[in-house]
Amino acid sequence: MTEPAWLTVLTTTDSEEKARTLARGAVDARLAACAQIPGPVTSVYRWQGVIETGEEWQVLFKTTAERYDELEAHLVAAHDYETPEIIAMPVVRGSERYLAWVSAETAPAATP
């Protein structure tokens, strides 16, 4: 099975402001072509042996598989969660023009 060329990467955070900061930082660094922030969502999870319920905002980043490792490192460094959710989902099909745009917007800057 071949690795997908494009990914949607998901993370969550506990405020809309933090979600916007994560989104803007990744797009500014060209690690994602765009980021969408749906929310708030209600999350129910077990953390350190206790079931928690909290309000969170999701951030969905559109990127290429080539840029995933850098995007993950960026999110880990920028995130204030001890163990942030970072999940990559393959994009198996999409509009040719849209996927070309994602590739162009996330291409590493050429070095002189």
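The values are calculated or read from the model by the stated rules, or taken from the named source; none is laboratory data. Note that this is a predicted model, so its numbers are computed, not measured. Glycine gets a Cβ as well: all are built from the backbone with ideal geometry, and neighbour counts include every protein chain shown. Ligands, DNA and RNA are excluded from the accessible area calculation, which covers all protein heavy atoms including side chains. Shrake-Rupley method; radii C 1.70, N 1.55, O 1.52, S 1.80 Å.
Observations
- Net +/- balance of residues flanking Thr106 in space, Cβ distance below 14 Å, scoring K and R +1, D and E -1: -3
- With a cut-off of 11 Å between beta carbons, the residues surrounding Ser15 carry a summed charge of -4, where Lys and Arg count +1 and Asp and Glu -1.
- Dividing the mean sequence gap of close Cα pairs (under 8 Å, 6+ apart) by how many residues the chain holds gives a relative contact order of 39 percent.
- Qualifying GluC sites (Glu not before Pro) for segment 26-112 [loop in DSSP, other Cβ within 10 Å: at most 13]: Glu82
- Accessible area (Å², per residue) of the chain, counting only protein heavy atoms and a probe of 1.4 Å: 65 Å²
- Relative intensity, log₁₀ I(q)/I(0), of the chain from a Debye sum that treats every alpha carbon as a point, q = 0.19 Å⁻¹: -0.97
- Between Tyr45, Val9, His79, the Cα set farthest toward the positive side of the dipole of the chain (charges on each charged residue's Cβ, about the Cα centre) is that of Val9.
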